[in-house]
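**Student:** Would you mind keeping the following structure in view while I ask a few things?
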Amino acid sequence: MKDEIWNNIIKRFTDTETINSRQALNSWLEEDSEHQKTFNEVEKIWKMTGQLMPEESEALPQFESEHSSTAPKLTSRSFWQYGLAAASIGALLVLGSLFYRKSIIPQTSTYITQTAAAGKLLEINLPDGSKVNLNAGSSIRYKKDMLKDSSRIIQLSGEAFFDVKHQPSKPFVVESRKIKTVVYGTSFNIRAYQNEKQIQIGVKTGKVGVLKSGSPTSAPIFLLPDHQISFDNQTGQFAAVTNNPNVDAWKRGTLIFDQTPIIEALETIARRFNVNFDTKGYQQSSCKLNATFENKDLKTILKTIQTVMNINIKQIDKTIYVKGGKSCNRN
């Protein structure tokens, strides 16, 4: 999609058209009947999501409590369409919030926070029928009366797998640090721990749109099944889309480390098994780990890392001391 067409569509929807932009857009619409069809679909989405208000930012808890909730598996499908309509959805959601914000009277809402403590996994059933699997050390926050709004907004800290119930009139939006992920009905995984450099979004079924928060004029990136993308919190840039059919492997007890910085890998293990690592004596913190552990216990994982990374590991109660590190094995 050309930037010029994108900008002209935005101008029409926001009543900021110029004579030139109107003529250019009309010419594009007349070129092909599919262009007009696409425009109509985008306009429908614009009107449907125009009252999407940004959630007020609030820090999520530091994973001190645990809640339990179960739900049956949901069958979900994608509402996303290809072409310009798909490429426009994410940005229109954000733009809609900007231009309708003043016309809506804010109301006090009750929020629910669900947290999976370290060493625990949590299954949650949302008010709309969607299901969320929270990884250890993760938390979500949402409105108790979320079904009353024009959109279903969830705030995430940590990692979660979402199985979203299909509701065409109510987009499902996950806010995770600097990223928003927008869907209508699909299943996907988001990893956005506060102490990690990257945010990772992976799709299991359907299609999702990913965009930067606070960037209303940028077109979203769309992901299909088994696609994954990473966002660097420091540079503010997306990496190339990659294939990853194991976005929800952690739900089955599998830990996958693919060129993962060793400190980050140890933090993941700490959350999983509810332990602490003392790395003050570790000299090679820049090393990276490549390993897959399928339902392995902590002792087995530590023994493997000790061998592969050429380090000394000693556990005393819930504290694990990591020392040494002459050099890294193959990274």
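**Student:** Quick one: residue 119 ticks every box in (1) under 24 Å from residue 295 (Cβ atoms); (2) within 18 Å of the chain's Cα centre (by Cα); (3) not aromatic (Phe, Trp, Tyr) bar one, so which box is it?
**Tutor:** Evaluating residue 119 over (1) under 24 Å from residue 295 (Cβ atoms); (2) within 18 Å of the chain's Cα centre (by Cα); (3) not aromatic (Phe, Trp, Tyr) leaves (2) as the failure.
**Student:** Another question, then. Using beta carbons and a limit of 6 Å, which pairs, at least six apart or on different chains, have the first residue in the range 300-325 and farther than 16 Å from residue 257 by Cβ and the second one surrounded by 13 or more Cβ atoms within 10 Å (Cβ to Cβ) and β-branched (Val, Ile, Thr)?
**Tutor:** 318/275; 320/275; 324/311; 325/311
**Student:** Scan the range 164-179 residue by residue and report those that are crowded, with 23+ Cβ neighbours inside 10 Å and not aliphatic (A, V, I, L, M).
**Tutor:** Selection gives 171, 172, 176.
**Student:** In addition: Inside the range 105-160, can you point out the residues that are under 20 Å from residue 182 (Cα atoms), modelled with pLDDT of 95 or more and acidic (Asp, Glu)?
**Tutor:** Result: 159, single match.
**Student:** If you don't mind, there's one more thing I want to ask. If residue 137 satisfies every condition in (1) buried (at least 24 other Cβ atoms within 10 Å of the Cβ); (2) over 17 Å from residue 267 (Cβ atoms) but one, which is the exception?
**Tutor:** Every listed condition holds for residue 137 apart from (2).
Conditions tested, residue by residue: (1) among the hydrophobic types (A, V, I, L, M, F, W, C); (2) part of a strand (DSSP E or B); (3) out of contact with any strand residue (DSSP E or B) (no Cβ under 6 Å at 6 or more places or on another chain).
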{"residue": "158", "(1), (2), (3)": "no, yes, no"}
{"residue": "190", "(1), (2), (3)": "yes, yes, no"}
{"residue": "196", "(1), (2), (3)": "no, no, yes"}
{"residue": "200", "(1), (2), (3)": "no, yes, no"}
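**Student:** Taking the residues in the range 190-215 that are at pLDDT 90 or above and crowded, with 24+ Cβ neighbours inside 10 Å as candidates, determine which candidate is farthest from residue 230 (Cα to Cα).
**Tutor:** Selected residue: 203.
**Student:** Only residues that are small (Gly, Ala, Ser) and not in a loop (DSSP other than H, G, I, E, B): list them for the range 120-156, please.
**Tutor:** 138, 139
**Student:** Please determine, by comparing only the residues of the range 249-268 that are among the aliphatic types (A, V, I, L, M), within 21 Å of the chain's Cα centre (by Cα) and not in a strand (DSSP E or B), which one is farthest from residue 134 (Cα to Cα).
**Tutor:** The selected residue is 265.
**Student:** Could I ask something else about it? If residue 290 meets every condition in (1) in a strand (DSSP E or B); (2) in contact (Cβ under 8 Å) with a residue 40 or more places away in the chain; (3) surrounded by 16 or more Cβ atoms within 10 Å (Cβ to Cβ); (4) not assigned by TED's automatic domain parsing to the domain that holds residue 160 apart from one, which number is that one?
**Tutor:** Checking residue 290 against (1) in a strand (DSSP E or B); (2) in contact (Cβ under 8 Å) with a residue 40 or more places away in the chain; (3) surrounded by 16 or more Cβ atoms within 10 Å (Cβ to Cβ); (4) not assigned by TED's automatic domain parsing to the domain that holds residue 160, the one that fails is (3).
**Student:** Given the structure, is residue 278 outside the structural domain of residue 121 (by TED's automatic domain parsing), farther than 17 Å from residue 310 by Cα and surrounded by fewer than 17 Cβ atoms within 10 Å (Cβ to Cβ)?
**Tutor:** So residue 278 does not fit the description; no.
The values are calculated or read from the model by the stated rules, or taken from the named source; none is laboratory data. Since we're looking at a predicted model, the values are computed, not measured. Virtual Cβ from ideal backbone geometry, glycine too; neighbours counted across all protein chains shown.
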